[in-house]
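Here's the structure, in structure tokens; my notes come after.
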Amino acid sequence: MILDAKIPEGPLEDKWRNYQMHSQLINPANKKKLQVIVVGSGLSGAGAAATLAELGYEVQCFCYQDSARRAHSVAAQGGINAAKNYQHDGDSVWRMFYDTLKGGDFRSREANTYRLAELSAPLIDHFTQQGVPFAREYGGVLVNRSFGGVQVQRTFYARGQTGQQLLLAAYSQLSKMVRSKKVRMFPRHEMLDLVVVDGKAKGIIARDLVSGELKRFAADAVVLATGGYARVFRLSTLAIGCNGSAIWKAHKRGAFFAAPSFTQIHPTALPQSSEAQSKLTLMSESLRNDGRIWVPLQKDDPRVANDIPEEERDYYLERRYPSFGNLAPRDIASRAAKERIDAGFGVGRLKNAVYLDFRSAIANFGQATIKDRYGNLFAMYKKITGIDAYQEPMQISPAAHFSMGGLWVDYELMTTIPGLYAIGECNFSDHGANRLGANSLLQASVDGYFILPNTINNYLAAALKDEPVTVDHPAFQEVEAEARLHIERVLAVQGTKTVDHFHRELGKTMWQECAMSRNQAGLEKALKAIKELRTTFWSEVKVTGNSDELNTELEKALRLADFIELGILMCTDALQREESCGAHFREEFQTADGEAMRMDEQFAYVSAWAYQQGDFQLHKEKLDFEFVTPSVRSYK
Amino acid sequence: MQLTFRIWRQEQAQAKGSFKDYKVGELTEDMSFLEALDHLNEILVLQDESVIAFEYDCREGICGQCGVFINGRAHGPHSNISTCQLHLRSFKDGDTIVVEPWRAKAFPIIKDLIVDRSAFDRIIENGAYISAKTGTAPEANAILIGKAIADRAMDAAACIGCGACVATCKNSSAALFTAAKINHLNSLPQGKLEAHQRVLDMTTQMEVEGFGHCSFTGACEVECPEGISITNIAEMNARLFKAQILG
Ligand SMILES: Cc1cc2nc3c(=O)[nH]c(=O)nc-3n(C[C@H](O)[C@H](O)[C@H](O)COP(=O)(O)OP(=O)(O)OC[C@H]3O[C@@H](n4cnc5c(N)ncnc54)[C@H](O)[C@@H]3O)c2cc1C
Ligand code: FES
């Protein structure tokens, strides 16, 4: 199958405008007749649902939490990028586009990436209008700071709670449309499967998490906005409920899965402290604006951090990457930390961390300024660790954080199933092999607010002529029956091991072999191990309780069953890509000084996998670089 | 360490609930409170019992989904944290810990420790927004907002919607939650045009949902994970008064 990304004609700057000029319109009277399902109420989902409803469509929106306001976008701390050039430091749409493309190690599409940068400025206008209390200067204008991988200040923020403030704005706009009865909101509902009729997405089967009832929902188009799947590693910065199930089920129904193995490992999370740990808390990347990262020069140095003199500290990022220093991109900063930790220089009780030190910043700017910038992060650090980071350095460690991979989508954000769209973190689109900090709130938001509400018309205009499908269609019966059978199978195993046991095992294998650094032997071993795990899961898992009640254990089991299969695809993808690019670092392909070795001739493509009865078939979308020449990515 | 959890079990909304004791060993001080409950649930599964239903998502104090009463205090023994931020180092080996759901008329129990907080969503639906459609915004710096105003709006906007304020209030009042949202939006120039209607509608909805009246005991601000101050409530009342006069 030829994957057509449907990139519009013309110079980069004109593509989106050209697209809009030629896309179809639907008159308001007809919009009312069209139903759209949006699964997810994060920035992408809430933005899309509210905007589609404002445009006149009938929207049904779903989330698994008790309220739309709790989607994991809420946890983003650091900020959101936009090419406003408010700081007069030479920023522009082109520069932001280039930074993003380069940050992603030239494994994303030029046209998508450019559009992301182009729509960033109006997005800040939008959020300001919705009442987001972005940080301000005394004179009343908006403030910016820097994030990793760039040399300008283009990040907007609301204290250390940017994601929360953006999500609450999206949630309030969504609530407005709920009140005007244009959106029906279904919290505590989890999508279990996609219903495809005559090759087109026509609805979903969702489980009411309170009653356990399976329900059918029909629509003219389905939008997935279900967020990232890094919980496949179990320990990650994601919320406990984050899952890959909706996109995985869509994949099994025919949607291609792109670059599944491209996972971002964030350099500044709190280290794991025990086996029982359920998540790793992120310390925002913004801290790297003022914090300096180091380890002792001496192995197993028994002294506490403050007793180690300046000349006995190794500021390894500043040493290896003098021009970007502590603001080197995430993949590079994480790998550098892993390198030091593996070499025996790690700090902390389990020797699995590095220091993030604010001593010089506090000396230069005073504690009050640092508190103003990061107060809530320091408070959070103290709550979790009991340590006062104004007095001694934080201890941080890399953690699984973001999925660059996701469902393959074209320029219109449509998957390979007509009528099925994927927006936000659950699609593969703009970040290539590594996402730049503060670009993801941006992507989720522009996908939901600005792009999808424009592109979906093209499909829906034609759908108006289709025979309307209702939930009585046999396809709904079939898919519902399959979902029910799946649940019954899980409950029927009645083995001797808990769901968490299997998740810990999966997480260990994935972290060991498919995270910051990968190699052929390891990936092959991982594939074997995960396939075995799949077998033992289905013969030894134990889930108590029933399907017709609120059953959190069952919810976990269903999500994990999908994660196991997704883990297999991730390892398959990582094995296939015999090069290093961005976050995908294959040990066999590195330069003498340990940097990634990209192989553009063979691998300048997006891997897009088709599901075939338990196996996966690779398709390649070739990446053409018409406007920039891929360069070797250097931050030295 | 070893702890005894005395946990409220209730099969569903209509069922009668009761406390049940669980002695749990093999706990460590750096485990979070919720991780201890995870651990207990794993034990229950292996004993063929149904797990304790409790809520959480982000486990870092920002989503507001967690929240239980622990030894008679919302979110446990410390001030200004959420349940997921509580660690076992706050307890002593051998302690008995009493765990209950939020109790308020407007938050009916769904199961065990899980309650229905959708009343909060309905308060938000009644005016906690600025009516501007996507695509209609002016340039962001066209309207200047002083740092002090932006900072105060942010202080109020930080609410995570966990419901601890309601649960801890002897009147089960949602005044802190509602006030925080009103003050966030009404203090910004963008929120001014709908300011009066917003206060009127949101405070009315608060009553419709069955939340009690605020009698200024100040219990809420102590338990609020974001430390939102009760001066917000006074400010809301002033705004309400003004809105009632000016319409
Ligand atoms: C700790 C942390 C900090 C971050 N900080 C930043 C930052 O500073 N800047 C930045 O740009 N990015 C940041 N990111 C990334 C960014 O927050 C996310 O990529 C982005 O918010 C994702 O938004 P989303 O709408 O795609 O998904 P989410 O916000 O995750 O929403 C997913 C939605 O889907 C629903 N859902 C999921 N599965 C199902 C199902 N099966 N059925 C029904 N509903 C379902 C959920 O209920 C939820 O409503 C951070 C991420 C994390 C984890
Ligand atoms: S789990 Fe999100 S605030 Fe506690």
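The values are calculated or read from the model by the stated rules, or taken from the named source; none is laboratory data. Quick caveat, the model's predicted, so the values are computed rather than measured. Every residue, glycine among them, receives a Cβ derived from its backbone with ideal geometry; neighbour counts consider all protein chains shown. The accessibility values were calculated without ligands, DNA or RNA, using every heavy atom of the protein model including side chains. Shrake-Rupley method; radii C 1.70, N 1.55, O 1.52, S 1.80 Å.
Could you pull out the GluC sites (Glu not before Pro) across segment A:559-636 that fall in loop regions by DSSP (anything but H, G, I, E, B) with no more than 16 other Cβ atoms inside 10 Å?
Those satisfying the criteria are A:Glu578, A:Glu587, A:Glu588, A:Glu626.
Which FRET efficiency value, to the nearest 0.05, do you get for B:Val208 and A:Lys636 by plugging their Cβ-Cβ distance into 1/(1 + (r/R0)^6) with R0 = 56 Å?
0.35
Stretched out fully, how many nm does the piece from A:Lys32 to A:Thr629 gain, at 0.36 nm a residue minus the Cα gap?
Here the segment from A:Lys32 to A:Thr629 would lengthen by 210.3 nm.
Holding the Cα-Cα limit at 23 Å, pick out from A:Lys33/A:Lys181; B:Lys105/B:Lys242; A:Lys182/B:Lys133; A:Lys465/A:Lys620 the pairs that are longer than that.
The pairs that break the limit, which is 23 Å between Cα atoms, are B:Lys105/B:Lys242; A:Lys465/A:Lys620.
Taking a spot 7 Å from the Cα of A:Trp94 along the direction of its beta carbon, which residues of segment A:108-122 have an amide N less than 20 Å from it?
From segment A:108-122, the list is A:109-122.
Could you state the angle between the C-alpha long axis of helix A:499-513 and the longest principal axis of the C-alpha atoms of chain A, as a value from 0 to 90 degrees rounded to the nearest 10?
Taking Cα atoms only, the helix is inclined about 60 degrees.
How large is the Kirkwood hydrodynamic radius of chain B, counting all unique pairs of alpha carbons, in Å?
Computed over Cα pairs of chain B, the Kirkwood hydrodynamic radius comes out at 19.5 Å.
FRET efficiency for A:Gln512 and B:Ala148, Cβ-Cβ distance as r, R0 = 60 Å, nearest 0.05?
My answer for the efficiency is 0.75.
In whole Å and largest first, what semi-axes does the C-alpha gyration tensor of segment A:532-571 yield when each eigenvalue is scaled by 5 and square-rooted?
22, 12, 5
Enter the accessible area of A:Glu13 (Å², nearest 10), with the probe set to 1.4 Å and all protein chains included.
90 Å²
Probe of 1.4 angstrom, ligands and nucleic acids ignored: what's the accessible area per residue over segment B:3-100, in square angstrom?
39 Å²
Which trypsin sites (Lys or Arg not before Pro) does segment A:425-520 hold that lie in a coil by DSSP with at most 15 other beta carbons within 10 Å?
A:Lys465
Strictly greater than 17 Å: what percent of every Cα pair in segment B:3-100 meets that?
More than 17 Å apart: 50 percent of the Cα pairs in segment B:3-100.
At a probe radius of 1.4 Å, figure out the A/B buried accessible area, summed over both chains, and give it in Å² to the nearest 100.
6400 Å²
Under the Karplus relation 6.51 cos²θ - 1.76 cosθ + 1.60, θ = phi - 60°, what is the ordered set of whole-Hz ³J(HN,Hα) values for segment A:554-571, x standing for Gly and Pro?
5, 4, 4, 5, 5, 5, 5, 4, 6, 4, 4, 5, 5, x, 5, 5, 4, 5
Please give the length that would be gained between A:Asp4 and A:Lys465 if that part of the chain were fully extended, namely 0.36 nm times their separation in residues minus their C-alpha to C-alpha distance (nm, one decimal).
Additional length available on full extension: 163.5 nm.
With +1 on each Lys and Arg Cβ and -1 on each Asp and Glu Cβ, and nothing else charged, work out how big the dipole of segment A:65-215 is about its Cα centre, in Debye to the nearest 20.
460 debye
Helix B:33-46 against the longest principal axis of chain B: what's the angle in degrees, Cα atoms only, rounded to the nearest 10?
The two axes meet at around 50 degrees.
Project the alpha carbons of segment B:118-245 onto their principal axes and report the range along each, largest first, in whole Å.
If we take the Cα atoms of segment B:118-245, the spans are 45, 29, 28 Å.
So what are the radius of gyration and Dmax for the Cα set of segment A:474-622, in Å?
18.5, 60
With θ taken as phi - 60° and the coefficients 6.51, -1.76 and 1.60, list the Karplus ³J(HN,Hα) couplings across segment B:159-174 in order, rounded to whole Hz; mark glycine and proline as x.
3, 9, x, 7, x, 4, 4, 5, 5, 8, 6, 5, 9, 6, 8, 9
Hey, which aspartates and glutamates would be in cross-link range of A:Lys508, C-alpha to C-alpha under 13 Å, not counting anything within fewer than 8 residues on its own chain?
A:Glu275, A:Asp500
Put +1 on the Cβ of each Lys and Arg and -1 on the Cβ of each Asp and Glu in segment B:118-246; which of B:Thr178, B:Ile228, B:Ala243 then has its Cα farthest toward the positive end of the dipole?
After comparing all options, I get B:Ala243.
Ignoring any ligand, DNA or RNA, what whole percent of the accessible area of segment B:118-246 comes from carbon and sulfur when the probe is 1.4 angstrom?
Here carbon and sulfur together make up 58 percent of the probe-accessible area.
Let me spell out the model: positive unit charges on the Cβ of Lys and Arg, negative unit charges on the Cβ of Asp and Glu, origin at the Cα centre of segment A:266-400. What dipole size does that give, in debye rounded to 20?
340 debye
What's the Kirkwood radius of the protein assembly as shown in Å, using all Cα pairs?
27.4 Å
Across 5 Å bins from 0, what is the distribution of all Cα-Cα pair distances for segment A:266-400, in whole percents?
2, 10, 22, 25, 22, 14, 4, 1
Taking accessible area as the heavy-atom solvent-accessible surface of the protein chains with a 1.4 Å probe, which residues of segment B:1-48 lose no less than 20 Å² upon going from the isolated chain to the full protein assembly?
Buried-area filter returns B:Asp30, B:Met31, B:Glu35, B:Asp38, B:Glu42, B:Val45, B:Leu46, B:Asp48.
Take each of the peptides A:42-54, A:142-154, average the number of other beta-carbon atoms within 10 Å over its residues, and list them starting from the highest.
Final packing ranking: A:42-54, A:142-154.
What length, rounded to one decimal in nm, is gained on full extension from B:Asn71 through to B:Thr136, with 0.36 nm per residue of separation minus their alpha-carbon distance?
18.4 nm
Taking only protein heavy atoms into account and a 1.4 Å probe, give the accessible area per residue of chain A in Å².
Result: 33 Å² of accessible area for each residue.
Where Lys and Arg each count +1 and Asp and Glu each count -1, what net charge lies around A:Pro329 among other residues with Cβ under 11 Å from its Cβ?
+2
Name the residue from A:Ala610, B:Ala137, A:Ile564 whose Cα lies farthest towards the positive end of the charge dipole of the protein assembly as shown, charges +1 on Cβ of Lys and Arg and -1 on Cβ of Asp and Glu.
About the Cα centre, the residue reaching furthest to the positive side is B:Ala137.
Step by step: find N for segment A:451-517, compute 2.2 N^0.38 Å, then divide the Cα radius of gyration by it. What's the final number?
1.95
Going by alpha carbons, how many degrees (0 to 90, nearest 10) lie between the helix axis of A:12-22 and the longest principal axis of chain A?
Roughly 20 degrees, rounded to the nearest 10.
How many percent of the accessible area of segment B:1-72 is carbon or sulfur, using a 1.4 Å probe?
C and S atoms contribute 45 percent here.
Evaluate the charge dipole of the protein assembly as shown about its Cα centre and quote only its size in Debye, nearest 20, assuming +1 on the Cβ of each Lys and Arg and -1 on the Cβ of each Asp and Glu.
Magnitude of the dipole: close to 1480 debye.
Sequence-distant or interchain residues sharing an amide H contact under 5 Å with A:Asp314, placed H: which?
A:Val295, A:Leu297
Using a loss threshold of 40 Å², tell me which positions in segment A:129-148 are less accessible in the complex than in their chain alone. Probe radius 1.4 Å, ligands and nucleic acids ignored.
A:Gln129, A:Gln130, A:Gly131, A:Pro133, A:Arg136, A:Tyr138
Around A:Gly140, which amide H atoms from residues at least 5 apart in sequence, or from another chain, sit under 5 Å from its own amide H, with H modelled in the peptide plane?
Distant-sequence amide H within range of A:Gly140: B:Lys147.
Could you please state how large a percent of the accessible area of segment A:266-400 is carbon and sulfur, counting protein chains only and using a 1.4 Å probe?
Answer for segment A:266-400 is 50 percent, counting heavy atoms of protein chains only.
Please compute the Kirkwood hydrodynamic radius over segment A:79-160, one decimal place, Å, based on all pairs of different Cα atoms.
One over the average 1/r among Cα pairs gives 13.1 Å for segment A:79-160.
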